[in-house]
1. Looking only at residues that are charged (D, E, K, R) and over 20 Å from Gln84 (Cβ atoms) in region 232-260, which one is most open to solvent (accessible area, probe 1.4 Å)?
2. Mind checking which pairs have a first residue in region 110-137 that is hydroxyl-bearing (Ser, Thr, Tyr) and a second that is in a loop (DSSP other than H, G, I, E, B) and at pLDDT 95 or above, Cβ under 6 Å, 6 or more apart or different chains?
3. Looking only at region 103-147, which residues are surrounded by 23 or more Cβ atoms within 10 Å (Cβ to Cβ) and among the charged types (D, E, K, R)?
4. Step by step: first the residues of region 148-164, then only those that are small (Gly, Ala, Ser) and surrounded by 13 or more Cβ atoms within 10 Å (Cβ to Cβ), then the one that is farthest from Glu180 (Cα to Cα). Which residue is that?
Amino acid sequence: MPVLRRLRLRPLAATLLLVLLPLSACADGDGGEPDGGLAGGPGEAAGSRGGASPHAAPGPPAAPAEIPGLGPAVRAAVPPDSRQAVVVRGHGRDVNTGTVTLYERRPGTGWTAVSEPWPAHNGVRGWTDHHVQDDLRSPIGVFGLTDAGGLLPNPGAKLPYDQDGRFTATGSGSLGEPLEGSFDHVVAVNYNRVPGTTPLDWTRPLGQERGGGIWIHVDHEGPTQGCVSLERAHMRELLRWLDPAHRPVVVMGDVQSLGR
């Protein structure tokens, strides 16, 4: 008769311990989290520690960009329907050099520069808040740009352009440089003048003592008597860019004054 052997069953707890032991090797040696591990503790769902919900509402849209360097008073002087601005930044109140940068106002995004800063000259003695005749300073402010002209034919300007032989410049500048060719192309700055007329119109609504004839014109390699001057190529580019439909303005003054 065969001998019956009695089977010995291992305890269930011991078997489970052997199965679970390999699962404890995820942590690194110092008890920290393994590389790439979740920031949450064991059993914590990803994203449950305050992360942004994929369905969170978007924040408010960014405010339209402003022209850099303009303070609140100067910004407020720019008409809300103007979409082109010629910004003249003088290097100092009593300095006759600076830069000109073109800006466009675009729907939704605001003002953006569309040119590099171009070198420019202004009045011999710098800038003033109260321009008077023969003070050799350029007026500070925001002025419309509605009319152009020059000795040479229209290079493609959209503004009304008056070609006239009276735009001839003669004599010498303050550095002894010849002025010839300075008025080959000009844009009238609407300071103490009647908009919608040729730059050669000498009507002065504020009176003759407040000066006038402030133009943007071709540079003659020296300071001006109150105008702003640009290199010839930049002057021609400016004329082709200005568009009366965009109500262009010039914002001009020394850097400190523009920040007001």
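The values are calculated or read from the model by the stated rules, or taken from the named source; none is laboratory data. The structure presented is a predicted model; accordingly, all values stated were derived computationally and were not measured. Counting neighbours? That spans all protein chains shown, and the Cβs are built from the backbone with ideal geometry, glycine included. To get the accessible areas, we keep the full protein, side chains included, count just its heavy atoms, and leave off ligands, DNA and RNA. Shrake-Rupley method; radii C 1.70, N 1.55, O 1.52, S 1.80 Å.
1. Residues of region 232-260 charged (D, E, K, R): 232, 236-237, 240, 243, 247, 254, 260.
If we keep only those that are over 20 Å from Gln84 (Cβ atoms) as well, we get 232, 254, 260.
Numbers: Arg232: 98, Asp254: 5, Arg260: 114 Å².
Per the stated criteria, the residue is Arg260.
2. Between residues of region 110-137 that are hydroxyl-bearing (Ser, Thr, Tyr) and residues that are in a loop (DSSP other than H, G, I, E, B) and at pLDDT 95 or above, the close pairs are Thr128/Arg137.
3. The answer is Arg137, Asp147.
4. The first filter runs over region 148-164 and keeps only residues small (Gly, Ala, Ser), leaving 148-150, 156-157.
Next cut, surrounded by 13 or more Cβ atoms within 10 Å (Cβ to Cβ) only: 148-150, 157.
Working: Ala148: 18, Gly149: 16, Gly150: 12, Ala157: 22 Å.
The extreme case among them is Ala157.
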